[in-house]
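Everything on this sheet refers to the single structure shown next.
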């Protein structure tokens, strides 16, 4: 305490020069967040770059513990619960439709064409007298297949491009960045039309077009985070201690980009469902005779002037499922963010 | 400047690459273009004649070079069906598709930006929920179904309130502007509302991110109210981002536009391409695909450049930091 | 402008950030508010002007020369801000509008509160730039083309352009390097004293506080734990909290 009295003002002021350097360093985390958000939990949470604070903490969802925490936190919100229930129903119905539908798909009722909903035909019949409900059930599995395969392909294409974009080889990264920038403006439907010339209408056209198109999107969206992870001290030190470039990419960069990749992919699944209905209607998607929601929707369009009600069901089905996939993505974004989801931090610790 | 040159080079390379892909797509057809075009049950002489006419008996690289040379000199070939030049066909169709896209984009921007700002300023729980539901559900509706719902509501003859035609485009085209415009209202609304809902969601979340930014607080500290700061500063700060998103959205919007053209029987670029594909008019299809690819690459180029211009942070200053 | 804060409380959600704060600033006085990060000092300055987040709930009273700020409507507050109260924030790079020029940023309070011709505004901006020691040519630059010190000078110019009666400086030196820090504090003190305005200076750094203020409040966990003349606080902190802050300054000074 005695020293305080002896400290001349000048020393304090000189000392300040020393202090500020240290202070400036220690305050960087604050400066990165929204300015003046000090003491405001809301300001912190809404920071668009929370990953900056913990770029090296792998937020991958390894282990069932984390999965359970994420699912529970999604389930705890109304929107998340809706999404999970709808998606679960979708999967159950798809599987069920393989062994059972209320009516045989090809069983047509010539006397009851365009019939309104009844006990016999839950959602009525279409122009050939086929049961609309049964076709929607069977369509569920085609759309599930399309969504899963498109997302998987988009994931492979996107991650490959992403890895090329953050690669240490200047040439590889420059070329891939420029290529993605240029090609990203090519619409999915154009890719589908080019593919449809030799392939005709086929499920593969949808999957390839969506996979490539959404893969490009994914690479562009996940790039900032991947770059951040690639430049983090952790990745740099791993490299310094002799880890190969590929090891660093797969052990550090990929796990850190995983949250944004997963969110983007779940949104892509919804877009793929929408693309299916559009492409099938245009005649370059699911071939005629194969049940799909796009097929049901297109069939019901033809006589809309006369039977407007038949168009409700397939459109409603598609909309509800796509809403669920979008909500799933939104809720997932929060549930796998360790800054928002505190329970996740406890599991990781 | 270096950015512009790099971007132009990538544009040219991408276009060249896509032209090869399109060319290849038409050559790996089972059989060859002539067989497909002549159709089954055609006399054998017809196929040979077509093959000679289209130069299909030349080697592939030669064919590709001839095609490209034609494209570069503005010769996009002739439709095998009607004999009309592909260029004039596409120009005719574009006179419908372009206005449709422009109207659609205008509606999407008005809805997206307007409701996005309104949603950011909304404080009531009910209002917030409404905007959230609108954004999520609006962006999840298939274009085909959305168009049908609008038809059921507003189309003459079918709809509850018959206001607009639901089918076709007037014979005289833009010669009767009133009728032409009326026939585009429902198609443009369909495309615009669906993409407007997505743009609204994006605007809202981008505004929520800048809401607590220093520059918003600074703007309010200078004397703006919260709402004014959001509109004058917040919106301006996210505009470059929004331009990029709108560019991506535009690419997604095209599937919807093609579907909508078919649904409303508008003889536009999309429905025309689908018809040519169905008619196996492959020379026309090949050139049309190339034109579309070129157009979209150009849009992407334009969006990237516009993003740079609008965001001074990305501009390379000649002096650099002092 | 005199400030009188009584029983100020700030709650966001279930978190109480500030409680029972009393604070006075007399006309022309330079008063400091010091505390470690997260102590709620920034929130107090925001509460004075209605700049707290949407979901913050305020209680108590903030009296700015007879105008009650707590519970005032947005238009009244917006009229105070920029006209009678100038604010300087911590990080100039995040607070200056990145997509507008420095000159447009500085003249914003003038445009919002006074009817002046373009030429008059430009003249005032030019004179203000000279006062804060910036080259007139910088008015056409964007913030990302400035150095940290230059940007904070531009932010000071923005806060002072309308000759406000109160300056709220919220950690204006934290984001700067050490040499720029001292220059900025000295500049701010000189300009504020010349104009006769009052100032509330917020910092977590006692050595900066000593240079900028005559009287100060020490804040910890949202409560005022000690107050008095800045030199007394620095020499003889009577509470352990203030002692820690002074001690931290001393320790770093000795290293």
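Computed from the coordinates by the stated procedures, all read-outs in this text should not be read as laboratory data. If you're wondering where the values come from, they're calculated on a predicted model, not measured in any experiment. Ideal geometry is used to build each Cβ from the backbone, glycine not excepted, and the neighbour counts take in all protein chains shown.
As a length-normalised measure over Cα pairs under 8 Å and 6 or more apart, the relative contact order of segment A:82-348 settles at 23 percent. Sorted fewest first by neighbouring Cβ atoms within 10 angstrom, B:301, A:145 come out as A:145, B:301. Each helix, a run of at least 4 DSSP H residues, gives -39500 (n - 2.57); summed and divided by the residues of the protein assembly as shown, these come to -20000 deg cm²/dmol at 222 nm. Both radii were evaluated on the Cα set of chain B; the Rg over Rh quotient, with Rh as the Kirkwood radius, amounts to 1.06. For segment A:82-348, the spherically averaged projection of the C-alpha convex hull amounts to 17.4 nm². Taking Cα atoms only, the orientation of helix B:235-263 departs from the longest principal axis of chain B by about 40 degrees. Here segment C:3-251 is treated as a Stokes sphere of Kirkwood radius computed over C-alpha pairs; at 25 °C and 0.890 mPa s its diffusion coefficient rounds to 133 µm²/s. Under the criterion of Cα pairs below 8 Å and six or more residues apart, the relative contact order for chain B equals 25 percent.
Of the three principal axes defined by the Cα atoms of the protein assembly as shown, the extents in descending order read 111, 66, 65 Å.
Taking every DSSP beta bridge that has both residues in the protein assembly as shown, what percent is antiparallel when rounded to the nearest 5? Of those bridges, close to 55 percent are antiparallel.
Pull out a ≥ b ≥ c, the square roots of the eigenvalues of the alpha-carbon gyration tensor of segment B:91-279, then state rounded if a/c is under 1.5, prolate if not and a/b is larger than b/c, and oblate in the remaining case. Judged from the Cα gyration tensor, segment B:91-279 comes out prolate (a/c at least 1.5, a/b above b/c). Going from the fewest other Cβ atoms within 10 Å to the most, the residues B:288, B:218 appear in the order B:288, B:218.
In chain B, the longest principal axis of the Cα atoms and the axis of helix B:177-211 are about 50 degrees apart. Does segment B:179-322 classify as rounded, prolate or oblate by the C-alpha gyration tensor (a ≥ b ≥ c root eigenvalues; a/c under 1.5 gives rounded; else a/b over b/c gives prolate, otherwise oblate)? Because a/c hits 1.5 or more and a/b fails to exceed b/c, segment B:179-322 counts as oblate.
With respect to chain B, whose longest principal axis is taken over its alpha-carbon atoms, helix B:2-27 is tilted by about 40°.
Tell me the relative contact order for chain C as a rounded percent, counting alpha carbon contacts under 8 Å between residues six or more apart. Answer for chain C is 26 percent. When B:1, B:54, B:253 are sorted by how many other C-beta atoms sit within 10 angstrom of their C-beta, beginning with the fewest, the order is B:1, B:54, B:253.
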